[in-house]
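Notes to accompany the following structure.
The values are calculated or read from the model by the stated rules, or taken from the named source; none is laboratory data. Nothing here was measured: the structure is a model prediction, and the numbers come from that model. All Cβ positions, even for glycine, are placed from backbone atoms using ideal geometry, and neighbour counts span all protein chains on display.
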Amino acid sequence: MTGSPESFAHLVVTGAHGQVGRELLRLAPGARAYGRGDLDITDPGAVAAVCTPGTVVLNCAAYTAVDQAETDPEAAFAANATGPAVLAAACARADARLIHLSTDYVFGGTHNRPYDTGDTTAPATVYGRTKLAGEQAIMDSGAHAHIVRTAWVYAGGTGDFVGTMRRLERERDTIDVVNDQLGSPTYAADLAVGLLELAGRPDAPRLLHATNTGQATWFDLARAVFEEVGADPARVRPCDSSAFPRPAPRPAYSVLSNRAWIEAGLTPLRPWREALHAALH
């Protein structure tokens, strides 16, 4: 992605301090950036001041603590449903565009083929229900908006799965990783490139899926991380989800189809294994 800072001045990035937000700002340094402390996306007045005519708002702000959402639904709903509704309403009034990041968790996780954009949603967690409510509010708003569902996002730094595997490789002789959840690991930098391409395509569909191509289990991804850092992948041992009980059930199947993305003429994200190599080297 190339361009002068001035060429990105029409872009607004909310959730600017998250994984995808940081990558967007690295690629589009002239964008206006708002973290949680800079902009309350549930405040209509504050949001209206940001959503000016001709602006493209890339909303990466979200409540992503999946387990904590089970006992803190009000906060999750505020960030994941109310906030997107406020952003969409402001964009509709100002003749601005909205690109909103959503999640595979809006689906039930029981498929055996990649989820398409038109497949029935059936979220099984509070987090998934709040994200679906945000999607529905945007769709009902009349805003010129695109919803982009993604999954298993990582940047490779502290706190995400890939970064955690790098740390555990140094700290432990062996690790156990679940091998009964299937998805598409998605490199935040690649997703950011795709979102910026979408920002230049106002004719694109309203609902899209964007992940790195291919599929893997968390066990597969952990072994790949070990391989990339020169460690023995046999030190990663498979287990099933019952070994790590969580308050929010994880979907067994999270693979998203990129059919709509490709049919729109957007560049597909590269295979997940290539992306992981780029993230770690």
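What the table below lists for this structure:
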quantity: Among the residues listed as ALA65, ALA88, ALA96, the single one being hydrophobic (A, V, I, L, M, F, W, C) and more than 28 Å from LEU266 (Cβ to Cβ); calculated: ALA65
quantity: In the stretch 137-171, residue surrounded by the fewest Cβ atoms within 10 Å (Cβ to Cβ) [restricted to those that are basic (Lys, Arg) and touching a residue at least 24 places away in the same chain (Cβ under 8 Å)]; calculated: ARG166
quantity: Failed item in (1) surrounded by 16 or more Cβ atoms within 10 Å (Cβ to Cβ); (2) touching a strand residue (DSSP E or B) at 6+ places or on another chain (Cβ under 9 Å), with ALA76 passing the rest; calculated: (2)
quantity: Failed item, numbered, when ALA78 is tested on (1) closer than 30 Å to ALA216 by Cα; (2) within 20 Å of the chain's Cα centre (by Cα); calculated: (1)
quantity: Selected residue [under 25 Å from ASP140 (Cβ atoms) and either crowded, with 23+ Cβ neighbours inside 10 Å or at pLDDT below 95 (or both)] from ALA62, ALA81, ALA85, ALA49; calculated: ALA62
quantity: The stretch 66-78 - residue that is in contact (Cβ under 8 Å) with a residue 24 or more places away in the chain and assigned to a loop (DSSP other than H, G, I, E, B) and, of those, farthest from ILE138 (Cα to Cα); calculated: THR71
quantity: All helices (runs of 4 or more DSSP H) inside the stretch 81-187 with 3 or more residues being of a type in the set (D, E, K, R) and touching a Pro at 6+ places or on another chain (Cβ under 9 Å); calculated: 126-141
